[in-house]
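Each value in this text was obtained by applying a stated rule to the coordinates, not by laboratory testing. From a predicted model like this one, the values you see are computed outputs, not experimental measurements. A quick note on method: Cβ atoms are made from the backbone with ideal geometry, for glycine too, and the neighbour counts reach across all protein chains shown.
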Amino acid sequence: MFGEKSETAIESIIGRASVIDGTVVFKGGLRIDGHIRGNVVADPENTGFLVLSASGRIDGDVRVAHVLLDGAVTGNIHAAHSLELQSRARITGEVNYLVLKMQTGAVVCGKLCHHHSAKAVSQESNLSFLPLA
């Protein structure tokens, strides 16, 4: 992320024609090209990362360590480590982050909240983490 080669591969892809209603919980890397109507949460024991493409949309909260957005999110974002907003990113909601990179053209309609540690972001959660099988 942030121009560096990632050590974790994308393990799951939600395709452009897909619409998911409900919470998505994942480990590792997740790419979303479709539409999620619900929260997107990475396993808290894992340093997961999320890629939301320009065609992707999330209507719900996002709680992931590393986030790369080029699509639309209507909900709060809690990036425990890094958040990169590419030029087509559109966010409506509160954004919590440790490290932020934002390209020209990205839009945030809401509050930006910087935290000095990943622990501070996770303590603010009122989302319940679901155990992964």
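Applying a threshold of 6 Å to beta carbon distances and a minimum spacing of six or more residues, or different chains, the list of pairs starting in the stretch 11-34 at a residue that is under 15 Å from residue 51 (Cα atoms) and ending at one that is among the charged types (D, E, K, R) and surrounded by 15 or more Cβ atoms within 10 Å (Cβ to Cβ) reads 13/31; 15/33; 16/33; 27/43. Residues in the stretch 92-117 that are touching a strand residue (DSSP E or B) at 6+ places or on another chain (Cβ under 8 Å) and more than 19 Å from residue 70 (Cβ to Cβ): 94, 96, 98, 111, 113, 114, 115. Within the stretch 69-81, track down each residue that is surrounded by fewer than 24 Cβ atoms within 10 Å (Cβ to Cβ), touching a residue at least 24 places away in the same chain (Cβ under 8 Å) and under 16 Å from residue 31 (Cα atoms). Result: 71, single match. With a requirement of 3 or more residues that are out of contact with any Phe, Trp or Tyr (no Cβ under 9 Å at 6 or more places or on another chain), over 19 Å from residue 11 (Cα atoms) and among the small types (Gly, Ala, Ser), none of the strands (runs of 3 or more DSSP E) lying completely within the stretch 21-101 satisfies it. Consider the stretch 26-40 and keep the residues that are surrounded by 24 or more Cβ atoms within 10 Å (Cβ to Cβ) and farther than 16 Å from residue 88 by Cβ. The one that is farthest from the chain's Cα centre (by Cα) is 36.
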